[in-house]
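**Q** Pasting in a structure now, in structure tokens, and then I'll have a few things to ask.
The values are calculated or read from the model by the stated rules, or taken from the named source; none is laboratory data. Please read all numbers here as calculations on a predicted model, not as lab measurements. Because the Cβ atoms are built from the backbone with ideal geometry, glycine has one as well, and the counts that use them run over all protein chains shown. These accessible areas exclude ligands, DNA and RNA; they are computed on the full protein's heavy atoms, side chains included. Shrake-Rupley method; radii C 1.70, N 1.55, O 1.52, S 1.80 Å.
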Amino acid sequence: MTHVVTESCIQCKYTDCVTVCPVDCFHEGPNFLVIDPCECIDCTLCVAECPVDAIFRDVDMPDGSEGYLELNAQLAQIWPVIIQKKAALPEAERWRHVMPKREFLDMGANDDMDPLLKPQTPMHEQERTPEFTEATAPKGLQHNHRVKAGVWGWLTVLEGALRYCLEDGSGRHWVLRADDSVWIPPDVPHRVEFMGPTRFYLSFWH
Ligand code: SF4
Ligand code: SF4
């Protein structure tokens, strides 16, 4: 058995649940959290923490939650572990009363990325930059640079949009908009291009 995060969490992501989990099995996407069913020990501690009652035991899920167990299992393999509470999404209070909202689940810009461009093992956040704008961002981000070997970057756009470009000869690039995030692999040359006013941060994981 396992516990499962269901639809109510989408677009809210209050994150109260992550602080009580004794085995750190929550994983974070752009607008939803999931539980890794291979790690969850069914302690039930997270259930009462969720302000929108999004968490259920897998054998006790309400009607309309079909597919969420599989979704939690799948996304837990892709998204990073989250262990610290953070601010809810800006529109959380409005979205907590909206149902259904499955169509708004954002699986992140990583959806269409090569699996080799995602960590294959759970990561832990080590450092996070301040929020930057296109005006305050270090200039070096717009030129070829690399995250050091063994460390993954996680780029999250909070407002506006920017383009994340690999400079590894593949020509691949992705446009990230508000609430999109992308993994930046270790030791791979890349840069960002600003597409107008934006706000974003970077964090570093290993
Ligand atoms: S507390 Fe509830 S709404 Fe918040 S992240 Fe956890 S499951 Fe989602
Ligand atoms: S039931 Fe316990 S182990 Fe499972 S996700 Fe919730 S807090 Fe973590």
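**Q** Determine which single condition residue 73 fails, assuming it passes every other condition in (1) within 18 Å of the chain's Cα centre (by Cα); (2) more than 15 Å from ligand 1 (Cβ to nearest atom); (3) free of Cβ contacts under 8 Å to residues at least 12 places away in the same chain.
**A** Of (1) within 18 Å of the chain's Cα centre (by Cα); (2) more than 15 Å from ligand 1 (Cβ to nearest atom); (3) free of Cβ contacts under 8 Å to residues at least 12 places away in the same chain, only one is false for residue 73: (3).
**Q** Check residue 123 against each of (1) open to solvent by less than 30 Å² (accessible area, probe 1.4 Å); (2) assigned to a loop (DSSP other than H, G, I, E, B); (3) under 19 Å from residue 203 (Cα atoms); (4) out of contact with any Pro (no Cβ under 6 Å at 6 or more places or on another chain) and name the one condition it does not meet.
**A** Answer for residue 123: the failing condition is (4).
**Q** Moving on to the next point. Residues 193, 159: which one is at pLDDT 90 or above, under 17 Å from the mean Cα position of the chain (by Cα) and surrounded by fewer than 17 Cβ atoms within 10 Å (Cβ to Cβ)?
**A** Exactly one of 193, 159 is at pLDDT 90 or above, under 17 Å from the mean Cα position of the chain (by Cα) and surrounded by fewer than 17 Cβ atoms within 10 Å (Cβ to Cβ), namely 159.
**Q** Could you check segment 173-194 and list, in sequence order, the residues that are in contact (Cβ under 8 Å) with a residue 24 or more places away in the chain and either part of a loop (DSSP other than H, G, I, E, B) or charged (D, E, K, R) (or both)?
**A** Correct list: 179, 180, 185, 187, 188, 189, 191, 193.
**Q** Can you tell me which residue within segment 82-95, out of those that are crowded, with 19+ Cβ neighbours inside 10 Å and at pLDDT 90 or above, is farthest from the chain's Cα centre (by Cα)?
**A** The residue in question is 95.
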